[in-house]
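Notes follow the structure.
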Amino acid sequence: MIIRNAWYVAAWADDIGKQPVARRICDEPVVLYRDAAGVAAALADYCCHRAAPLSCGRVVDAGLECGYHGMIYGTDGAAVHIPGQIHIPAKARVPSYPVVEQDGMLWIWMGDPAAADASTIFRYPIHNDETHWPHRHTLFPVQGGAMLMVDNLMDLTHLPYVHASTIGGNNARDHVEAIMNVEPTENGLKYTRWMLDHAPPPTYRKGAPHLAERVDRWQEFEFVAPGIVTQFTGAIDAGTGAYDLGKRDGGFSLRIIHALTPETETTCHYFWCGANGYRQDDPNATVELFGELTTAFQQDQVIVQQQQARLLEIGEDRLINIVADGARMHMRRVVERLEARERGEAVRAPSASERTPA
Ligand code: FES
Ligand SMILES: [Fe+2]
């Protein structure tokens with residue numbers, strides 16, 4: 001099921017201007033735009049006159065004008081102008097959705113508007129720190145469900161198989177034997193994965209050619225239910241203090257936010273942004289990193305889309321969990337609790353054993 005009572009990324013803030021953008025979110029047609037004053041808004045993407053998509057209209061001084069017969073709507077969804085008519089009935093309106101522009105992203109709440117609390121939106125200050133974390137972002141349309149993309153980020157044993165040419169490297173045993181530490185949080189989990197005395201993968205080698213032949217490599221991930229995953233990944237020369245002293249500088253490091261927003265039950269919007277933490281003064285490094293990540297995440301997109309197609313045929317019942325699924329299974333339990341709450345079922349706090357990842 002799609003969880004509606006949550007803040008999702010609807011768009012990169014700088015992708016929304018006065019030209020209306022049509023985007024299906026949580027299986028509802030939405031139009032995103034900025035009004036004449038530059039205020040971002042989200043309305044249901046239909047006109048209450050004859051259902052023309054409002055995304056086919058345009059922004060005028062008074063609001064969003066329908067492209068069919070010219071009705072104009074304010075950011076609250078109420079009509080403010082009906083051509084040839086002075087009286088505007090109360091019914092002349094379409095749903096509007098709460099939106100908040102924060103940390104370079106436009107966040108949307110598709111559930112009960114009364115429950116939308118902007119203070120609970122995930123904060124990502126990296127996007128406001130171009131000096132230390134120069135970054136680039138994009139949006140991939142994925143023909144696969146948002147949860148499959150989160151699954152993918154919870155089980156990194158796929159790296160040597162899916163990403164051998166980029167962020168993976170080709171020693172599968174190193175990935176399976178990585179030191180994995182999973183820590184439940186109030187609304188998700190964190191995990192840290194260590195690969196000690198390991199050959200750096202191609203992307204690391206390209207970004208930081210001064211790295212030694214062997215590095216200590218970390219992958220710190222946080223999942224914030226239902227659709228946000230952040231990543232802090234990197235490596236420094238083996239045995240120089242990354243693991244035991246917490247040293248992170250002088251090698252290769254990057255930060256990524258992955259925001260998975262349901263489009264439908266089986267498709268999603270994959271917003272991601274990669275930040276360069278190793279050659280911040282070199283704009284080319286940020287561009288090159290973006291290129292490497294684009295290749296890597298297209299590799300994820302391909303496998304997840306194929307997985308989704310097969311799942312639609314065979315269902316989940318024949319699938320098994322293996323030892324690599326610990327973080328993924330914990331993530332799914334968190335999401336299942338949110339789904340139960342969404343259905344109006346009483347949700348008890350997780351027991352001690354449930355808070356312990358498999
Ligand atoms: S369909 Fe929008 S004004 Fe007629
Ligand atoms: Fe991947």
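The values are calculated or read from the model by the stated rules, or taken from the named source; none is laboratory data. Not measured: the values here are computed from a predicted model. Reconstructed Cβ throughout: ideal geometry from the backbone, glycine too, with neighbour counts over all protein chains shown. For the accessible areas, the whole protein counts, side chains as well, though only heavy atoms, and no ligand, DNA or RNA atoms are used. Shrake-Rupley method; radii C 1.70, N 1.55, O 1.52, S 1.80 Å.
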* Structure fact -> Within the range 271-295, residues within 15 Å of ligand 2 (Cβ to nearest atom) and touching a helix residue (DSSP H, G or I) at 6+ places or on another chain (Cβ under 7 Å) come out as W272, G274, E292
* Structure fact -> Apart from one, (1) surrounded by fewer than 20 Cβ atoms within 10 Å (Cβ to Cβ); (2) more than 15 Å from ligand 2 (Cβ to nearest atom) all hold for N170; the odd one out is (2)
* Only one of R248, R217, R205 is surrounded by fewer than 20 Cβ atoms within 10 Å (Cβ to Cβ), basic (K, R), outside any loop (DSSP other than H, G, I, E, B) and more than 15 Å from the chain's Cα centre (by Cα); which? -> R205
* Residue satisfying all of: in the range 88-125; more than 28 Å from G274 (Cβ to Cβ) and part of a strand (DSSP E or B); most open to solvent (accessible area, probe 1.4 Å) among these -> R93
* Asked: Is there any pair with a first residue in the range 64-78 that is of a type in the set (D, E, K, R) and a second that is more than 7 Å from ligand 1 (Cβ to nearest atom) whose Cβ atoms are under 6 Å apart and which are 6 or more apart or on different chains, and what are they?
  -> E65/G57; E65/R58; E65/I72; D76/S96
* Structure fact -> Selection from the range 296-321 of residues within 13 Å of ligand 2 (Cβ to nearest atom) and among the acidic types (D, E) yields D300
* Residues of the range 57-71 satisfying the condition of being open to solvent by 90 Å² or more (accessible area, probe 1.4 Å) and within 9 Å of ligand 1 (Cβ to nearest atom) -> Y68
* Take the residues of the range 15-56 that are at positive phi and free of Cβ contacts under 8 Å to residues at least 12 places away in the same chain: which is surrounded by the most Cβ atoms within 10 Å (Cβ to Cβ)? -> A51
